[in-house]
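For reference, the structure discussed in these notes is given below.
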Amino acid sequence: MSPRSYRRLFFLLPSRFRDEYGQELGEVVEDRWRVVQERGGIATKMRFWVRETVALTRLALRLRLGLEPDGAQPRGMWRKTKRRWEVNGWGQDVRQATRSLLKQPGFTTVTVLTLGLGIGASTAIFSAVHAVLFRDLAYADADRIVAVFQTDTETGEIRPGASAANLRDLDESSDRLSGAAIAEPWSLDLFHEDRAESLRTWAVSAGFFDILGADLALGRAFLPDEYVDGNNRVVVLGHRGWSQHFGADPSVVGRVFTLDNEPYTVIGVLPLDFKYPDQAAAWIPRPPKSGDDPSRAADYMFGVARLADGATLADAQAYLAAIDPETVKFYRNVQLTLDIFYPALITISLFLGIYLMLPARFGAWRWAIAALPLPIAPFDYLENNLIGVMLASGPEMISAELVNTASRCTDLKSSFTTASMLLLVALSVWWLVRRIQSRAGA
């Protein structure tokens, strides 16, 4: 957005107000925009235009609804102080809105519940996204840790896990990886104080904690000779299991407990933020088993590896591609269907929502404003196609330009989505204010 585009929004204001204050208002916004351009980043610039657009829309609503004198300076919206326009007068608006809501308890209840559900859902989604995408992993050199999956050579489908034998071979043969290990879901029954409790457990192969760079809160990790049958009656407790089942007692390290009718010695406690594959109660060593080689197709275990010094993810992927001659067919079945219909569904939903919220008096501008989310689907489709090209072509064909183009598509898609959602929220608030005022006037 630019000051010129912002001035085009002045058509929302009454003509008398626009003739008297439009020029001065535009000059002030241009002054503030120059400062933001010099000092702010992309996010700051977006927030600036969103804030100014919302403020202008709010002023236009107040003037159109008769809450401000048409020819008077807007004391409830902008106050000029040292070449800056500041928002004030919120107290009066809050009191008026509160009185209107109290007169309609049923409507107020529905509104509060709707807002509560919306805020709760948004908070939950943000928390999950933050935990999965934005928060740094709690492991040493986390950017060197990779998850390992295997592909069905008959169907080309990427399976959700890996087998112990395949990870063992990878650990022994690949010079692109400093180590590879497996985690098998397990369960142990703890017999403690005359009662039995089931502990969610992971049986891990040699090198698992070294690959993740785990720094234990208490005690130590497994030694190499403890991955041998007969020497594997040791257990490392997860922080949650240590707290729930042993009262977070530091003296538990070194003590012997009965697990599955066998004596196990507690040798360590993991830190609170160690959660791979999940936050289980206990971890035990997994010695090699005779059934590993015949079960190479098994995919219920979690594979993890660490890149060797100097090796890149592309190197490791190229090595695995050489082992498996079949081309990875990533976009199949449900995934392909989602990639086709989801962007269009989101784009159409936002377009219809904005169009229906805008008043009919906007005329042709109604279509123009509602078109804001239309670029979302093209950028999403382009991003998906670029990712598909990268996956299909192999690591050696992936160029920096291809990666940068896919990243730009992602950024543009996110920007248009954010702007469209903000506009839809602003229009929803405007509609809600109109409903409250109409009920109060009635």
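Computed values, structure above
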{"quantity": "Which listed residue is among the small types (Gly, Ala, Ser), modelled with pLDDT of 90 or more and within 34 Å of the chain's Cα centre (by Cα), from GLY254, GLY238, GLY213, GLY219", "calculated": "GLY238"}
{"quantity": "Qualifying residue in the range 38-49 (condition: among the acidic types (Asp, Glu) and modelled with pLDDT of 80 or more)", "calculated": "no"}
{"quantity": "Enumeration of residues in the range 224-254 that are outside any loop (DSSP other than H, G, I, E, B), buried (at least 18 other Cβ atoms within 10 Å of the Cβ) and of a type in the set (Gly, Ala, Ser)", "calculated": "GLY241"}
{"quantity": "Residues within the range 282-307 that are without any contact (Cβ under 8 Å) to a residue 40 or more places away in the chain and assigned to a loop (DSSP other than H, G, I, E, B), tallied", "calculated": "2"}
{"quantity": "The range 213-223, subset touching a residue at least 60 places away in the same chain (Cβ under 8 Å) and surrounded by 14 or more Cβ atoms within 10 Å (Cβ to Cβ), residue nearest to LEU188 (Cα to Cα)", "calculated": "PHE222"}
{"quantity": "Residue within the range 145-157 that is touching a helix residue (DSSP H, G or I) at 6+ places or on another chain (Cβ under 9 Å), surrounded by fewer than 21 Cβ atoms within 10 Å (Cβ to Cβ) and either of a type in the set (Lys, Arg) or closer than 23 Å to THR258 by Cα (or both) present", "calculated": "no"}
{"quantity": "Contacts under 7 angstrom Cβ, first residue in the range 255-281 being closer than 23 Å to ASP194 by Cα and outside any strand (DSSP E or B), partner at pLDDT 85 or above and acidic (Asp, Glu), 6 or more apart", "calculated": "ASP260/ASP189"}
{"quantity": "Residue in the range 378-401 that is polar (S, T, N, Q), over 22 Å from the mean Cα position of the chain (by Cα) and modelled with pLDDT under 80 present", "calculated": "yes"}
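Yes/no matrix, rows are residues, columns are (1) closer than 15 Å to PRO285 by Cα; (2) of a type outside the set (Phe, Trp, Tyr):
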position: PHE209; (1), (2): yes, no
position: ALA217; (1), (2): no, yes
position: VAL228; (1), (2): yes, yes
position: HIS245; (1), (2): no, yes
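The values are calculated or read from the model by the stated rules, or taken from the named source; none is laboratory data. Small disclaimer: the values here were computed from a predicted structure and weren't measured. Every residue, glycine as well, gets a Cβ built from its backbone with ideal geometry; the counts of neighbours run over all protein chains shown.
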